[in-house]
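Enquirer: Before anything else, here's the structure in question.
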Amino acid sequence: MSLEPTGGPALAQERRLVTEIPGPRSRALLARREAAVAPGVATMLPVFVARAGGGVLVDADGNSLIDFGSGIAVVSVGNAADRVVAGVRDQVGQFTHTCFMITPYEGYVAVCEELARLTPGDHEKRSALFNSGAEAVENIVKIARARTGRQAVVVFDHAYHGRTNLTLALTAKYMPYKHSFGPFAPEIYRMPMAYPYRWPTGPDRCGPEAAAEVITLIDKQVGPENVACLLIEPIQGEGGFVVPGEGFLPALAEYCGANGIVFAADEVQTGFARTGAWFACEHEGVVPDLIATAKGIAGGLPLGAVTGRAEIMDSVHVGGLGGTYGGNPVACAAALGAIRTIEELDLVAAARRIEAVMLPRLHELKRRHPAIGDVRGRGAMMAVEIVEPGSTAPDPATTQAVARTCHQAGVVVLTCGTFGNVLRFLPPLVIPEDLLTEGLDLIDDAFAQVAGRPGHDRVVTAS
Ligand code: PLZ
């Protein structure tokens, strides 16, 4: 399967800066972008990518940047991974589309078989395929309502579930996601999240206390018999990489089971080996009734899925689910290539190794920088929360300044969080260890530059 070394794993795995960031070619492309692309679609770092693979992104000016973002947790197998490229090439030469609802094909069925095999629980399962994470989450709501005959959906503070109208209703954060786009769908109930760093009585009591509070709120304000599903990210993504207090997820799952509520996990960001398990629910032994996946499933091609208990999935009438492109054959071929890559390279173990390298470094950084209030995450989904020293007050300005300093130094880090004060790290699981360490060194330098001097100038960017 040797492929021309234009991108993918054959790219030199090195950081190389040959121009300022962004360089002249990227700046010229940015000018074209500004004239042609709607400004509502933001760009965090305007370096235009020409090739990518392993742990690097190479831009139009020839700069090679360390990738700590994976296109928001998508290219866990690395960009242009060999088996993904080979599967896609083979499939596009056979046929590109028939619509599975018109004339089916094997790849769709094979992806659903893999989802049944890999997702938590050994019960009988079925899957349906879609184009994106948001579309998968929308379908979770449809399926749970069809199954239960109930309407209410329970979601959480800091949740992110997508940008379509229904998933915006499920998403917590107002700016930039929801601002000016309402009205939103009714029958959505938002509950407190077990956020250990910000839990009033401390992280140890967070899980059980938050679960008790949520259960009381559902019992008293919604009525469990009205709830179709409870939807939760087992580790919150855009909302700030919040790892729920221990015991929170199992207590909610148990309550759902006892009350006929569908327990649905949004594993769009956490799935497919990212957190050092195939799915993040496994860390607490939770088996969801329905699970939404996307992102890491297909090595960069658009694919989303809902997988769940056969009796729930079978309760939707024939023809009730679908879409023209859902489970497109090229995306399915990519997914089969990505899944094989995760297994062959044991990327679950790789994510754990990344955690073993990152976590001690980030804790050590926290000891030196009082701006770092919290270090958290699992596997290759790690973050630091940045606060005003000596308090827990969020500091989004310093967060942006550190991110920007990292970008200038050639390491692509992302921010997130309800308060915009979380710096997150999502390297491809195939990143070489020396690049991972170099990226961490650069983050360390960025903190020294931005937060190390009292009275520093804080730079605020649009991202
Ligand atoms: N559920 C948990 O993380 C997508 C969004 C980036 P789509 N997260 C990145 C942005 O600003 O739009 C996401 C997620 C979780 C659902 C989604 C939605 O997945 O594939 O972007 O629709």
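The values are calculated or read from the model by the stated rules, or taken from the named source; none is laboratory data. Note that the structure is a prediction, hence the values are computed from the model and not measured. Here the Cβ positions follow ideal geometry from the backbone for every residue, glycine too, while neighbour counts run over all protein chains shown.
Enquirer: If I filter region 257-305 down to residues being more than 27 Å from R83 (Cβ to Cβ) and among the aliphatic types (A, V, I, L, M), which single residue comes out as surrounded by the fewest Cβ atoms within 10 Å (Cβ to Cβ)?
Expert: Here the residue is A258.
Residues checked against (1) among the polar types (S, T, N, Q); (2) more than 16 Å from the ligand (Cβ to nearest atom); (3) part of a helix (DSSP H, G or I); (4) under 22 Å from the mean Cα position of the chain (by Cα):
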{"residue": "A110", "(1), (2), (3), (4)": "no, yes, yes, no"}
{"residue": "L115", "(1), (2), (3), (4)": "no, yes, yes, yes"}
{"residue": "H123", "(1), (2), (3), (4)": "no, yes, no, no"}
{"residue": "L129", "(1), (2), (3), (4)": "no, no, no, yes"}
{"residue": "V141", "(1), (2), (3), (4)": "no, no, yes, yes"}
{"residue": "R145", "(1), (2), (3), (4)": "no, yes, yes, no"}
{"residue": "Y160", "(1), (2), (3), (4)": "no, no, no, yes"}
{"residue": "L166", "(1), (2), (3), (4)": "no, no, yes, yes"}
{"residue": "A169", "(1), (2), (3), (4)": "no, no, yes, yes"}
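Enquirer: Turning to a different aspect of this structure: Quick check on region 394-418: of everything there that is surrounded by fewer than 24 Cβ atoms within 10 Å (Cβ to Cβ) and touching a helix residue (DSSP H, G or I) at 6+ places or on another chain (Cβ under 6 Å), which residue is nearest to V77 (Cα to Cα)?
Expert: T415
Enquirer: Follow-up question, since we're still on this one. Six or more apart or on different chains, Cβ atoms under 8 Å: show the pairs whose first residue is in region 164-183 and free of Cβ contacts under 8 Å to residues at least 24 places away in the same chain and aliphatic (A, V, I, L, M) and whose second is assigned to a helix (DSSP H, G or I) and surrounded by 11 or more Cβ atoms within 10 Å (Cβ to Cβ).
Expert: L168/Y177; L168/K178
Enquirer: Check off (1) more than 16 Å from the ligand (Cβ to nearest atom); (2) β-branched (V, I, T); (3) not in a loop (DSSP other than H, G, I, E, B) for V153 and give me the number that stays unchecked.
Expert: (1)
Enquirer: How about region 220-240: which of its residues are charged (D, E, K, R), within 21 Å of E209 (Cβ to Cβ) and in contact (Cβ under 8 Å) with a residue 60 or more places away in the chain?
Expert: Once the filter is applied, which keeps residues that are charged (D, E, K, R), within 21 Å of E209 (Cβ to Cβ) and in contact (Cβ under 8 Å) with a residue 60 or more places away in the chain, region 220-240 yields only E233.
Enquirer: In the set A194, A211, A172, A253, which member is among the hydrophobic types (A, V, I, L, M, F, W, C) and touching a Pro at 6+ places or on another chain (Cβ under 6 Å)?
Expert: A194
Enquirer: Looking only at region 268-286, how many residues end up being within 10 Å of the ligand (Cβ to nearest atom) and either of a type in the set (S, T, Y) or under 14 Å from N139 (Cα atoms) (or both)?
Expert: 2
Enquirer: Evaluate region 196-211: report whether one residue or more is surrounded by 15 or more Cβ atoms within 10 Å (Cβ to Cβ), within 16 Å of the ligand (Cβ to nearest atom) and hydroxyl-bearing (S, T, Y).
Expert: Looking through region 196-211, none of the residues is surrounded by 15 or more Cβ atoms within 10 Å (Cβ to Cβ), within 16 Å of the ligand (Cβ to nearest atom) and hydroxyl-bearing (S, T, Y).
Enquirer: Also: Among the residues of region 281-291, are any more than 18 Å from M191 (Cβ to Cβ), touching a Ser or Thr at 6+ places or on another chain (Cβ under 9 Å), at pLDDT 95 or above and of a type in the set (G, A, S)?
Expert: Looking through region 281-291, none of the residues is more than 18 Å from M191 (Cβ to Cβ), touching a Ser or Thr at 6+ places or on another chain (Cβ under 9 Å), at pLDDT 95 or above and of a type in the set (G, A, S).
Enquirer: Still on this structure, please answer the following. Where residues in region 287-311 are of a type in the set (A, V, I, L, M, F, W, C) and away from the ligand (no atom under 16 Å from the Cβ), which of them is farthest from the chain's Cα centre (by Cα)?
Expert: Looking at residues that are of a type in the set (A, V, I, L, M, F, W, C) and away from the ligand (no atom under 16 Å from the Cβ), I get A310.
Matching residues to (1) of a type in the set (A, V, I, L, M, F, W, C); (2) closer than 18 Å to M382 by Cβ; (3) touching a Leu at 6+ places or on another chain (Cβ under 8 Å); (4) free of Cβ contacts under 8 Å to residues at least 40 places away in the same chain:
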residue: A210; (1), (2), (3), (4): yes, no, no, yes
residue: T216; (1), (2), (3), (4): no, no, no, yes
residue: V242; (1), (2), (3), (4): yes, yes, no, no
residue: G260; (1), (2), (3), (4): no, no, no, no
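Enquirer: Given the residues V318, V384, which is the only one that is in contact (Cβ under 8 Å) with a residue 24 or more places away in the chain, away from the ligand (no atom under 14 Å from the Cβ) and over 22 Å from V77 (Cβ atoms)?
Expert: The unique qualifying residue is V384.
Enquirer: Need the failing condition index for M191 against (1) within 22 Å of T324 (Cα to Cα); (2) without any contact (Cβ under 8 Å) to a residue 60 or more places away in the chain, just the number.
Expert: Tallying (1) within 22 Å of T324 (Cα to Cα); (2) without any contact (Cβ under 8 Å) to a residue 60 or more places away in the chain, M191 fails exactly one: (1).
Enquirer: Also, quick follow-up: Quick check: anything in region 172-182 aliphatic (A, V, I, L, M) and within 16 Å of the ligand (Cβ to nearest atom)?
Expert: yes
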